[in-house]
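I have placed the structure first, in the form of structure tokens, so that the comments after it can refer back to it.
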Amino acid sequence: MAAGGCGGPFTTIATLNGFAGVQSGSGRYDISAYRSATACVRFQINDGEYTAATDYIYLDDVKIEAWQYDTFRDEFTAVAYNNWYGNVNWSSQSWIETNDDGAAGTGDILITGGELRLNNYNTQAVFPSIERQADLSGYPSAEPSFNLRATGVEAGDIVAVEVSNDGGGTYTEVERFEGALAAQSRSYDISRYRATNTRVRFRVISGYTGTGGGGAANEFFYGG
């Protein structure tokens, strides 16, 4: 394998030897380290090998699969639900609140201090959630990631991360977070849920109704 074109130099990524008689098989190799505008793949027979008139090696279905990975991203630096900061313009698919006021700056779910914040102080009887959709149908894999923390919480305060591949018709829980959470990050392989209308949802499923001494909400889940 050469990154600098067919003039080389070349790096050997696999040696095929030890064959006897008629054999067949397949191989797959990661050549990401050799990406360039003039990358070249070479098959070479070593000196002294395959010298008999009946010695052959046959190659078939040789292909190079290459993908550009795009990013659907929201850094929550602006108080709006149609932000986009990756290399894909995501503004046509805004965050959607359920069981809240639908506003990015008020309610149980809102954007503040560069983070998305959830609690259940105002609604309580029904649990609020927020979701966003992306077309992942053309990608070989998908992996959402985010930072999270929680403040003022206790056992029974639970937020779930869920994914849908039918535009929010049905959801599958990926992970749930209960109680105190130090600042940390998460990522998940959701490749099996790739669709034209894949959605990721954060949902309060229990608690987050606590108040401080002054009657204000003091239990929060932050994601960003």
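Annotation: of all residues in segment 142-160 being outside any strand (DSSP E or B) and in contact with a Ser or Thr (Cβ under 8 Å, 6 or more places away or on another chain), the one that is surrounded by the most Cβ atoms within 10 Å (Cβ to Cβ) is 157. Of everything in segment 32-48 that is touching a residue at least 24 places away in the same chain (Cβ under 8 Å) and surrounded by 10 or more Cβ atoms within 10 Å (Cβ to Cβ), the residue that is farthest from residue 69 (Cα to Cα) is 42. Pairing residues of segment 88-102 that are among the hydrophobic types (A, V, I, L, M, F, W, C) with residues that are crowded, with 18+ Cβ neighbours inside 10 Å, at Cβ distances under 6 Å and at least 6 apart in sequence or on separate chains, gives 88/72; 90/72; 95/81; 95/130; 95/132; 96/131. Among the residues of segment 57-67, none qualifies, meaning not one is surrounded by 10 or more Cβ atoms within 10 Å (Cβ to Cβ), acidic (Asp, Glu) and on the phi < 0 side of the Ramachandran plot. Scanning segment 123-141 for residues that are assigned to a loop (DSSP other than H, G, I, E, B), in contact with a Ser or Thr (Cβ under 8 Å, 6 or more places away or on another chain) and surrounded by 18 or more Cβ atoms within 10 Å (Cβ to Cβ) returns 127, 128, 136. The residue that is surrounded by the fewest Cβ atoms within 10 Å (Cβ to Cβ), counting only those in segment 161-170 that are in contact with a strand residue (DSSP E or B) (Cβ under 8 Å, 6 or more places away or on another chain) and farther than 20 Å from residue 114 by Cα, is 170. Considering segment 161-198, and only residues there that are polar (S, T, N, Q) and assigned to a strand (DSSP E or B), the residue that is nearest to residue 150 (Cα to Cα) turns out to be 184.
Bear in mind that the values in this text are calculations on the coordinates, not laboratory data. The shown structure was predicted, so the numbers you read here are calculated from the model rather than taken from an experiment. Positions of Cβ are backbone-derived with ideal geometry, glycine not excepted, and every protein chain shown enters the neighbour counts.
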